[in-house]
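Participant: Handing you a structure now.
The values are calculated or read from the model by the stated rules, or taken from the named source; none is laboratory data. Treat the numbers as computed from the prediction; the structure is a model and nothing was measured. Because the Cβ atoms are built from the backbone with ideal geometry, glycine has one as well, and the counts that use them run over all protein chains shown.
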Amino acid sequence: MRNLKLIIVREYLARVRNKTFMIMTFLSPIIMVGMVILIAYLSSLNSDENKIIAVYDESDNAFFNEFKSDENISYLDYSDMSLEAAIDSVAKKEYYGLLFFPNSTDNQYLAKHTEFFANKAPGISFLSDIESKISTVLTEKELQRRGVNLNEINQAKTKVNLQIENFSGEETSKLSNYVKMFFGGAAGYLLMMFIIIYGNMVMRSVIEEKTNRIIEIIISSVKPMQLMVGKILGTSLAGITQFAIWIVFGSILLFVVTSIFGIDISNSSPVASTALDMGTQDEIGKLIIDIVHLPLGKIVFCFLIYFIGGYFLYSSLYAAIGAAVDSETDTQQFMLPIILPLMLGIYVGFFSVIDNPHGTISTIFSYIPLTSPVVMLMRIPFGVAWWEIVLSMAILICTIFLLIWVAAKIYRVGILMYGKKPSYKELYKWLRY
Amino acid sequence: MQNLLVAENVSKKYGDFTALNQLSIEVPQQSIFGILGPNGAGKTTFIRIVNQITMPDQGEILLDGEPLKPEHIQYIGYLPEERGLYKSMKVGEQVLYLAQLKGLSKKEATVRLKYWFERLEIGDWWNKKIQELSKGMAQKIQFIVTVLHQPKLLIFDEPFSGFDPVNANLIRDEILKLRDDGATILFSTHRMESVEELCDYMALIHKSNKLLDGKVSYIKKQFKSNTYQVGIEPTQEEQFKQLLQEKFEVTPTFFHSIHQDLQLNIKIPEKYSQNNLLSFLMNHGKINHFVEVIPSVNDIFIKTIKSHA
């Protein structure tokens, strides 16, 4: 135990005193905040851009009157010249495009033969926007032609806003799904980042000991298993330190910068803007109640277990890889089995869990140990029964012990092996030494 | 004399490859024991087993009469063949860390380290990083790491490979001094001269098998061939040569001499003693040179390996 402590302290200090580590610790939040501001700035630029569209109407439907210019799109009537002249002029003035209605009174004909001339292919959302506008106009005209009173139709339209209530009778906000998604997604993503960054660090430190040839001196004093566990723990403590600094420093920086430049970050995120759209006092109240009612204790507890478990699982693999190779360039072939399940976890999380948190795929992947830390973390905010969590954790913990045992075997043999390019077959042989 | 280290029938296999086959040796207290063998003979495997880095498949190792156990690590100092240090760690910090892993307290380690730094006159290196030191300087640090915890048993794997001549001499002198202070030293090498210079005992390993072991002087006695190197100025050369050929096995030899003498290796039959040879020679000329030919460790090594091939 005394040696383990010594190893952890040394590994921690070696990581933390590293110049690159220090630079990254303080530079990353600055870069992140800078990027957030840049994105906020760019998206505000994008929505400010004014598109000018010429309308050329050969029919007598007076379509031009139906298109109201707003802050994003301005419409100009070009119907009083020839089509060629209009297109020429639009091209010369570099307008966004020209909307052409052929001379017809037949709505079906108009629906099929209306054209949009543009130099560059217009965006899909813009097209569907224009299409729905034309469709509304044509539909209304058709309804009028058939003698239907438009006012009555407008009055008959009913807007529905479903109120969601759980079985115990508490009203919940629809927004809470976004909140759950956010909690789960953030946790899963954080875990993946942590594993990739600090798992790699463990691997590099193992390789460093090999290339420095100090490894044999060390393991004549301590058990390889102790060294491996000490390395993983020391590196993860350094990682937690770095993360903590990132979060504290990053939030302070973000707060300072946004209050200086007065940029409203929340405007640029779609979730937040939906929240604002729907955000009556009532909804926000419910949302707060929802957040309070989220199984926070459970989330935090599970987060810790899965975070530590997942990290241990993967970093012991990283350590084994580090021990098996001579230099970092040789690690490529072994990276796939690590990255693949991680990516799979994230994809299952973002596509399957958010769509259907308790579906078959989500459930299965929250049991498979290599993906369960990520997937289960994303499922938990949506409510997962305790027995499921316990089962998944039990599988995870058993796998951790198994994998640490396997990794320690590879590690024990590998750290003393120089100049051999290991294949999977070779690694299997090492397990039996 | 009591044995500090005893190996009994130690075997180790890696897959289908036998690295050590039923090796038994006894290393007496306060001696220098050389394990000799060509590359790949199993020397490093044996040393790693003694250091508990690898476990033997069979057999037992006794240290001071007890079967080897994890606590014994602090009684052993090990300088591996593949040696290095953390490049970006400071010298003092690094040696303290490694000494603490061997069970020393930080305080005790600091005191001893200061003593060694003064002794090797490297006091100003404490806060330097290893990467700032030359290779020879780093070798001194490695030596200190090996001996700092005052181990009973010192193990050096190819101690002179990679050391420059100045450091190699320094290490040799320190090894002799450590032995005189009570330590037992086990070292492996394929360089025969160092065995000649240092070792009291030796064992020869070839292709995972021990071919011979014992006291160096005793082994040499076993291998000597009753041959004497002679320098003589005969009174009647032709006659003398003829007589010599009839009585002994004679081969030409060469040594530096200030005389114009006949230089010969003369092997005498079992029934003769060197005194018989001497009196025979005295009758036929002036003897300038008379030395028994003692086989070098190198000769023994090559002879033994050839006879087992």
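Participant: Considering the range A:291-303 alone, what residues qualify as being farther than 19 Å from A:F365 by Cα, part of a helix (DSSP H, G or I) and not small (G, A, S)?
Facilitator: First pass over the range A:291-303, keeping only residues farther than 19 Å from A:F365 by Cα: A:291-298, A:300-301.
With the extra rule that they be part of a helix (DSSP H, G or I), the set shrinks to A:291-293, A:296-298, A:300-301.
Answer for the range A:291-303, where residues must be farther than 19 Å from A:F365 by Cα, part of a helix (DSSP H, G or I) and not small (G, A, S): A:I291, A:V292, A:H293, A:L296, A:K298, A:V300, A:F301.
Participant: Right, here's the next one. Would you confirm whether any residue within the range A:397-413 is without any contact (Cβ under 8 Å) to a residue 60 or more places away in the chain, in a helix (DSSP H, G or I), farther than 27 Å from A:E208 by Cβ and among the polar types (S, T, N, Q)?
Facilitator: Taking every residue of the range A:397-413 in turn, none turns out to be without any contact (Cβ under 8 Å) to a residue 60 or more places away in the chain, in a helix (DSSP H, G or I), farther than 27 Å from A:E208 by Cβ and among the polar types (S, T, N, Q).
Participant: Of everything in the range A:322-349, what is closer than 30 Å to A:I361 by Cα, touching a helix residue (DSSP H, G or I) at 6+ places or on another chain (Cβ under 7 Å) and hydrophobic (A, V, I, L, M, F, W, C)? Give them in sequence order. Don't jump to the end; show me each part of the working.
Facilitator: Initial filter on the range A:322-349 (closer than 30 Å to A:I361 by Cα): A:332-349.
From what is left, the residues that are touching a helix residue (DSSP H, G or I) at 6+ places or on another chain (Cβ under 7 Å) are A:334, A:338, A:342, A:345-346, A:348-349.
Matches in the range A:322-349: A:F334, A:I338, A:L342, A:I346, A:V348.
Participant: Of these, A:K112, A:K120, which one is out of contact with any Cys (no Cβ under 9 Å at 6 or more places or on another chain), in a helix (DSSP H, G or I) and either among the hydroxyl-bearing types (S, T, Y) or surrounded by fewer than 16 Cβ atoms within 10 Å (Cβ to Cβ) (or both)? Walk me through it before giving the result.
Facilitator: Numbers: A:K120 fails: in a helix (DSSP H, G or I).
Sole residue among the options that is out of contact with any Cys (no Cβ under 9 Å at 6 or more places or on another chain), in a helix (DSSP H, G or I) and either among the hydroxyl-bearing types (S, T, Y) or surrounded by fewer than 16 Cβ atoms within 10 Å (Cβ to Cβ) (or both): A:K112.
Participant: Oh, and also: So A:D277 clears everything in (1) over 21 Å from the mean Cα position of the chain (by Cα); (2) surrounded by 13 or more Cβ atoms within 10 Å (Cβ to Cβ); (3) part of a helix (DSSP H, G or I); (4) modelled with pLDDT under 70 except one condition, right? Which one?
Facilitator: (2)
Participant: Additional query: Going through the range B:111-143 one residue at a time, which ones are under 15 Å from B:K177 (Cα atoms) and either surrounded by fewer than 21 Cβ atoms within 10 Å (Cβ to Cβ) or touching a Ser or Thr at 6+ places or on another chain (Cβ under 7 Å) (or both)? Spell out how you get there, then give the answer.
Facilitator: The first filter runs over the range B:111-143 and keeps only residues under 15 Å from B:K177 (Cα atoms), leaving B:116, B:119-120, B:143.
Hits for the range B:111-143 are B:W116, B:R119, B:L120.
Participant: Between B:I266, B:I205, B:I232, B:I219, which is surrounded by 17 or more Cβ atoms within 10 Å (Cβ to Cβ), free of Cβ contacts under 8 Å to residues at least 60 places away in the same chain and under 26 Å from B:N298 (Cβ atoms)? If you could, list the steps in order and put the result at the bottom.
Facilitator: Working: B:I205 fails: free of Cβ contacts under 8 Å to residues at least 60 places away in the same chain; B:I232 fails: under 26 Å from B:N298 (Cβ atoms); B:I219 fails: free of Cβ contacts under 8 Å to residues at least 60 places away in the same chain.
Only one candidate qualifies: B:I266.
Participant: For the range A:1-31, which positions are outside any helix (DSSP H, G or I) and either surrounded by 15 or more Cβ atoms within 10 Å (Cβ to Cβ) or within 11 Å of chain B (Cβ to nearest Cβ) (or both)? I'd like the intermediate steps shown before the answer.
Facilitator: The first filter runs over the range A:1-31 and keeps only residues outside any helix (DSSP H, G or I), leaving A:1, A:18.
Of everything in the range A:1-31, just one residue is outside any helix (DSSP H, G or I) and either surrounded by 15 or more Cβ atoms within 10 Å (Cβ to Cβ) or within 11 Å of chain B (Cβ to nearest Cβ) (or both), namely A:N18.
Participant: Failed condition for A:Y411, given (1) more than 14 Å from chain B (Cβ to nearest Cβ); (2) surrounded by 16 or more Cβ atoms within 10 Å (Cβ to Cβ); (3) hydroxyl-bearing (S, T, Y), with all others met?
Facilitator: Condition not satisfied by A:Y411: (1).
Participant: Still on this structure, please answer the following. Collect the residues in the range B:114-141 that are in contact with a Gly (Cβ under 8 Å, 6 or more places away or on another chain), in a helix (DSSP H, G or I) and of a type in the set (S, T, N, Q), keeping them in residue-number order.
Facilitator: The one that is in contact with a Gly (Cβ under 8 Å, 6 or more places away or on another chain), in a helix (DSSP H, G or I) and of a type in the set (S, T, N, Q): B:Q139.
Participant: Return the residues of the range B:52-102 that are in a helix (DSSP H, G or I), facing another protein chain (nearest Cβ under 8 Å) and in contact with a helix residue (DSSP H, G or I) (Cβ under 7 Å, 6 or more places away or on another chain); say none if nothing qualifies.
Facilitator: B:Y97, B:L98, B:Q100, B:L101
Participant: Select from the range A:216-242 the residues that are more than 13 Å from chain B (Cβ to nearest Cβ) and either among the aliphatic types (A, V, I, L, M) or surrounded by fewer than 17 Cβ atoms within 10 Å (Cβ to Cβ) (or both) and list them in ascending order.
Facilitator: Hits for the range A:216-242 are A:M228, A:V229, A:I232, A:L233, A:L237, A:A238, A:I240, A:T241.
Participant: When you scan the range A:327-336, do you find a residue that is in a helix (DSSP H, G or I) and under 21 Å from A:A385 (Cα atoms), even just one?
Facilitator: no
Participant: To continue, here is another question. Against the condition surrounded by fewer than 18 Cβ atoms within 10 Å (Cβ to Cβ), of a type outside the set (K, R), assigned by TED's automatic domain parsing to the domain that holds B:R179 and over 24 Å from the mean Cα position of the chain (by Cα), how does B:G59 come out, does it pass?
Facilitator: On the way: surrounded by fewer than 18 Cβ atoms within 10 Å (Cβ to Cβ): yes; of a type outside the set (K, R): yes; assigned by TED's automatic domain parsing to the domain that holds B:R179: yes; over 24 Å from the mean Cα position of the chain (by Cα): yes.
When the stated conditions are applied, B:G59 passes them.
Participant: I'd like the full set of residues that are out of contact with any helix residue (DSSP H, G or I) (no Cβ under 9 Å at 6 or more places or on another chain) and at pLDDT below 85, limited to the range A:384-403. If you could, list the steps in order and put the result at the bottom.
Facilitator: Within the range A:384-403, the subset out of contact with any helix residue (DSSP H, G or I) (no Cβ under 9 Å at 6 or more places or on another chain) is A:385, A:387, A:390-391, A:394, A:398, A:401-402.
Scanning the range A:384-403 gives a single hit, A:A385.
Participant: B:L133 versus (1) touching a helix residue (DSSP H, G or I) at 6+ places or on another chain (Cβ under 6 Å); (2) within 14 Å of chain A (Cβ to nearest Cβ); (3) touching a residue at least 40 places away in the same chain (Cβ under 8 Å): which is the lone unmet condition?
Facilitator: Going through the list (1) touching a helix residue (DSSP H, G or I) at 6+ places or on another chain (Cβ under 6 Å); (2) within 14 Å of chain A (Cβ to nearest Cβ); (3) touching a residue at least 40 places away in the same chain (Cβ under 8 Å), B:L133 breaks only (1).
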